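Working notes, beginning with the structure itself.
The values are calculated or read from the model by the stated rules, or taken from the named source; none is laboratory data. Owing to the predicted nature of the structure, the values given are computational and were not obtained by experimental measurement. Glycine gets a Cβ as well: all are built from the backbone with ideal geometry, and neighbour counts include every protein chain shown. Keep in mind that these areas ignore ligands, DNA and RNA; they rest on the heavy atoms of the full protein, side chains included. Shrake-Rupley method; radii C 1.70, N 1.55, O 1.52, S 1.80 Å.
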Amino acid sequence: MAKSKQHPADVRARLRIAPRGGPVDLLAYDAAATPGGPKDKSRALAEIEEMRPLLAELQEKLFAQSVAGDPRRLLLVLQGMDTSGKGGTVKHVVAGLNPAGLRVRAFKAPTEEERRHHFLWRIRRALPQPGEIGVFDRSHYEDVLAVRVHGLVPKDTWRRRYTEINQFERSLTDEGVTVLKVFLHISYREQRDRLLARLDNPRKHWKFSPGDIEDRKLWPDYQKAYEDVLKRCSTVNAPWHLVPADRKWYRNWAISKLLLAHLEEIDPAYPKADFDVEDSRRLLLSL
């Protein structure tokens with residue numbers, strides 16, 4: 001199979017938010033940039049197609065080794081403002097993977113039952129099992145983002161959650177979960193254009209909500225909340241990666257690269273047979 005041009009680990013290093021780094025200023029990141037990316041959209045799409053069989057093979061090995069008791073799995077966490085492409089990423093990046101080994105969950109506002117529990121309760125119930133790739137469209141970070149911006153809990157409550165989240169993610173990595181966190185960085189102007197495109201197309205009206213406009217009014221507050229998340233919760237075990245998302249083709253290329261880099265780091269392998277292969281062959285041929 002053909003190898004992709006830019007090594008996945010290089011892209012990973014370019015996009016990673018340094019653990020224990022200083023303040024994060026989102027204005028310093030160009031949402032239309034293409035760090036480490038191909039020269040144009042056509043080349044990016046070609047490389048994405050080249051990566052699909054590599055990702056599929058690694059996914060199959062990951063699932064296969066779980067049958068032999070290997071606990072490892074991967075969790076892809078997608079966060080970003082409305083229209084940044086969380087759903088589009090799920091549609092385009094994991095399209096070539098086996099659905100049987102995927103666990104995709106889109107987190108909406110918590111239900112009444114979920115509100116009666118700790119904020120991580122619903123997250124734990126949606127985690128991938130050994131051998132699976134899990135994808136979170138939004139996640140536990142909503143409880144230090146939307147909850148913070150809309151003042152749904154006291155400040156002391158959401159401030160404590162940074163530490164709780166870091167401890168939770170550390171426990172996941174200790175249990176064999178590779179945590180890949182991606183912040184889809186979209187610009188203020190691009191978000192407006194994408195929201196207008198939804199209004200202009202009757203087939204996309206279902207994707208629009210008047211609440212999107214209300215959230216857009218709170219853009220500065222959300223940007224500050226995201227900056228704090230990237231600063232406080234980019235850890236050695238589970239660092240954040242910032243992916244410029246104004247160019248959809250680059251977004252999909254970059255996340256494909258990140259997914260490939262993390263699966264290659266896991267380095268899954270088909271387990272060896274725990275039975276006599278030749279004896280089984282003889283028995284089968286004798287029937």
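Helices (runs of 4 or more DSSP H) wholly in region 30-123 with at least 3 residues that are surrounded by 16 or more Cβ atoms within 10 Å (Cβ to Cβ) and modelled with pLDDT of 95 or more - which ones? Give the derivation first.
Working: elements: 41-67, 86-93, 112-115.
Answer list for region 30-123: 41-67.
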Determine if region 196-214 includes at least one residue that is surrounded by fewer than 16 Cβ atoms within 10 Å (Cβ to Cβ), polar (S, T, N, Q) and over 21 Å from residue 139 (Cα atoms). yes
Could you please tell me which pairs satisfy a Cβ distance under 7 Å, a separation of 6+ or placement on different chains, a first residue in region 83-101 that is under 16 Å from residue 139 (Cβ atoms), and a second residue that is part of a helix (DSSP H, G or I) and modelled with pLDDT of 90 or more? 85/248; 85/251; 89/251; 89/252; 89/255
Here the qualifying pairs (Cβ atoms under 6 Å; residues six or more apart or on different chains; first in region 154-182 and within 26 Å of residue 266 (Cα to Cα); second surrounded by 12 or more Cβ atoms within 10 Å (Cβ to Cβ) and aromatic (Phe, Trp, Tyr)) come out as 181/240
Restricting attention to helices (runs of 4 or more DSSP H) lying wholly within region 127-205, give those where 3 or more residues are of a type in the set (Ser, Thr, Tyr). 155-174
Which of the numbered conditions does residue 219 fail, given that it passes all the others? Conditions: (1) open to solvent by less than 70 Å² (accessible area, probe 1.4 Å); (2) modelled with pLDDT under 95; (3) aromatic (Phe, Trp, Tyr). (2)
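Take the conditions buried (at least 21 other Cβ atoms within 10 Å of the Cβ), more than 30 Å from residue 160 (Cα to Cα) and in contact with an Asp or Glu (Cβ under 9 Å, 6 or more places away or on another chain) and apply them to residue 249. Does it pass? Even if it seems obvious, please write down each step before you answer.
Values: buried (at least 21 other Cβ atoms within 10 Å of the Cβ): no; more than 30 Å from residue 160 (Cα to Cα): yes; in contact with an Asp or Glu (Cβ under 9 Å, 6 or more places away or on another chain): yes.
Considered against the rule, which asks whether it is buried (at least 21 other Cβ atoms within 10 Å of the Cβ), more than 30 Å from residue 160 (Cα to Cα) and in contact with an Asp or Glu (Cβ under 9 Å, 6 or more places away or on another chain), residue 249 comes out as no.
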In region 18-29, what residues are modelled with pLDDT of 95 or more and either surrounded by 12 or more Cβ atoms within 10 Å (Cβ to Cβ) or aromatic (Phe, Trp, Tyr) (or both)? 24, 26, 29
When you go through 235, 163 one by one, which is the residue that is of a type outside the set (A, V, I, L, M), open to solvent by 40 Å² or more (accessible area, probe 1.4 Å), modelled with pLDDT of 95 or more and within 21 Å of the chain's Cα centre (by Cα)? 163
Within region 224-269, restricting attention to residues that are charged (D, E, K, R) and part of a loop (DSSP other than H, G, I, E, B), which residue is farthest from residue 78 (Cα to Cα)? 267
Only unsatisfied item for residue 268, checking (1) open to solvent by 10 Å² or more (accessible area, probe 1.4 Å); (2) more than 19 Å from residue 13 (Cβ to Cβ), is (1)
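With in a helix (DSSP H, G or I) and without any contact (Cβ under 8 Å) to a residue 60 or more places away in the chain as the only criterion, which of 212, 279 stands out?
Details: 212 fails: without any contact (Cβ under 8 Å) to a residue 60 or more places away in the chain.
Being in a helix (DSSP H, G or I) and without any contact (Cβ under 8 Å) to a residue 60 or more places away in the chain holds for just one of 212, 279, which is 279.
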Between 143, 156, which is more than 28 Å from residue 48 (Cβ to Cβ) and open to solvent by less than 30 Å² (accessible area, probe 1.4 Å)? 143
Out of region 1-17, which residues are among the aliphatic types (A, V, I, L, M) and surrounded by 12 or more Cβ atoms within 10 Å (Cβ to Cβ)? 9, 11, 13, 15, 17
Across (1) closer than 25 Å to residue 155 by Cβ; (2) small (Gly, Ala, Ser); (3) touching a strand residue (DSSP E or B) at 6+ places or on another chain (Cβ under 9 Å), residue 225 clears everything bar (3)
